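The values are calculated or read from the model by the stated rules, or taken from the named source; none is laboratory data. Bear in mind the structure is a predicted one, so any value in this text is a computation, not a measurement. Glycine also receives a Cβ, built like all others from the backbone with ideal geometry; neighbour counts cover every protein chain displayed.
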Amino acid sequence: MQKRTNLYDYFFIILGTLVTALSFNLFLIPHKIAPGGLSGIATVIYHISGGRIPVGTTMLVLNVPLFLMGIKELGGSFGFRTLLATVLLSLLIDIVKVPAMTDEPILASIYGGVIMGIGLGLVFRGNASTGGTDLLAKIIHKFFPFIGIGWVLFVIDSLVVLTAALVFGPSEALYALVSLYLSTKLIDLIVEGLNAAKAFVIISDHSEVIAKRIMNELDRGVTLLKGKGAYTQQDKDVILCVINRSQTVRLKSIVNEIDPFAFVLVADVKEVMGEGFSI
């Protein structure tokens with residue numbers, strides 16, 4: 001089972017790096033779109049040099065000191081998979097030569113961002129990353145724990161986009177932001193899947209009646225938790241239930257019919273695994 005899982009991981013890494021490389025060569029690099037990170041820096045250098053310094057080679061060269069620092073400071077915890085993904089992506093960007101698919105920069109930023117997000121999402125599903133600024137952010141966070149990794153990534157990406165604006169112009173910087181936003185959304189979609197749901201926590205004097213109707217009418221499991229009111233000191237059953245988004249209105253209606261004074265907490269659930277929900 002473990003061997004099969006490892007094979008799936010490497011399959012996702014290889015496929016993801018190939019898809020990501022295609023997004024750069026088909027859409028991003030030809031239109032001077034630098035969507036943050038080391039790849040954005042490499043794209044800027046590529047165009048400044050008149051195409052003499054390949055994007056993949058620059059990415060690999062920039063990643064070498066980061067990996068050495070990572071081994072020293074983080075103990076190599078980022079693993080072999082990340083090293084493989086980084087090297088593969090750098091090589092594939094330089095090896096896979098394909099012509100640009102569109103002459104419209106805005107279409108290139110949209111398609112490029114979507115395809116790059118799919119590719120990177122697959123790499124993340126393979127329990128790896130493409131190194132670069134992710135690794136740099138972890139190193140900085142270790143020395144300055146009060147600075148969040150997300151903020152470090154935001155600052156780095158912002159500086160890269162600002163550099164692209166100074167070198168290529170404001171339009172290209174805007175296209176880079178579009179690609180960066182779309183890729184982030186697609187990464188979340190690939191990594192978290194389509195299993196987003198709603199979690200309901202219901203506190204009512206009629207918990208058993210509500211629970212039975214949820215099970216009978218919505219065909220969802222219900223967990224009854226033991227609770228106690230701090231003010232009233234009364235024991236109550238607290239309902240915990242996870243449902244599909246499409247069932248949200250119906251569940252609210254059921255609760256309101258039985259107990260209009262019930263306390264209901266609704267929260268977004270990014271991913272659900274288990275009986276009744278696909279993994």
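Assorted remarks:
- Pairing each residue of the range 255-270 that is more than 14 Å from residue 239 (Cβ to Cβ) with any residue that is in a helix (DSSP H, G or I), provided the two are 6+ apart or on different chains, yields C-beta distances under 7 Å for 270/192.
- Residue within the range 165-181 that is within 25 Å of the chain's Cα centre (by Cα) and closer than 30 Å to residue 248 by Cα present: yes
- Yes/no for residue 128 being in the same structural domain as residue 28 (by TED's automatic domain parsing) and outside any helix (DSSP H, G or I): yes
- Neighbours by Cβ (under 8 Å, 6+ apart or cross-chain): first from the range 202-231, closer than 15 Å to residue 243 by Cα and assigned by TED's automatic domain parsing to the domain that holds residue 260; second surrounded by fewer than 19 Cβ atoms within 10 Å (Cβ to Cβ) and aromatic (Phe, Trp, Tyr): 202/263
- Any hit, the range 92-107, residues being surrounded by 21 or more Cβ atoms within 10 Å (Cβ to Cβ), of a type in the set (Ser, Thr, Tyr), in contact (Cβ under 8 Å) with a residue 40 or more places away in the chain and out of contact with any His (no Cβ under 6 Å at 6 or more places or on another chain): no
- Test: residue in the range 137-147 that is closer than 16 Å to residue 24 by Cβ and in a helix (DSSP H, G or I): no
- Looking only at the range 230-279, and only at residues there that are outside any strand (DSSP E or B) and of a type in the set (Asp, Glu), the one that is modelled with the lowest pLDDT: 275
- Hits in the range 13-42 (condition: buried (at least 22 other Cβ atoms within 10 Å of the Cβ), of a type outside the set (Phe, Trp, Tyr) and either more than 15 Å from residue 129 (Cβ to Cβ) or touching a strand residue (DSSP E or B) at 6+ places or on another chain (Cβ under 9 Å) (or both)): 21, 23, 25, 28, 29, 31, 33, 34, 35, 40, 41, 42
- Residues of the range 48-66 that turn out to be part of a helix (DSSP H, G or I) and surrounded by 18 or more Cβ atoms within 10 Å (Cβ to Cβ), as a count: 8
- Only a single criterion out of (1) at pLDDT below 90; (2) part of a helix (DSSP H, G or I); (3) of a type outside the set (S, T, N, Q) is not satisfied by residue 212, namely (1).
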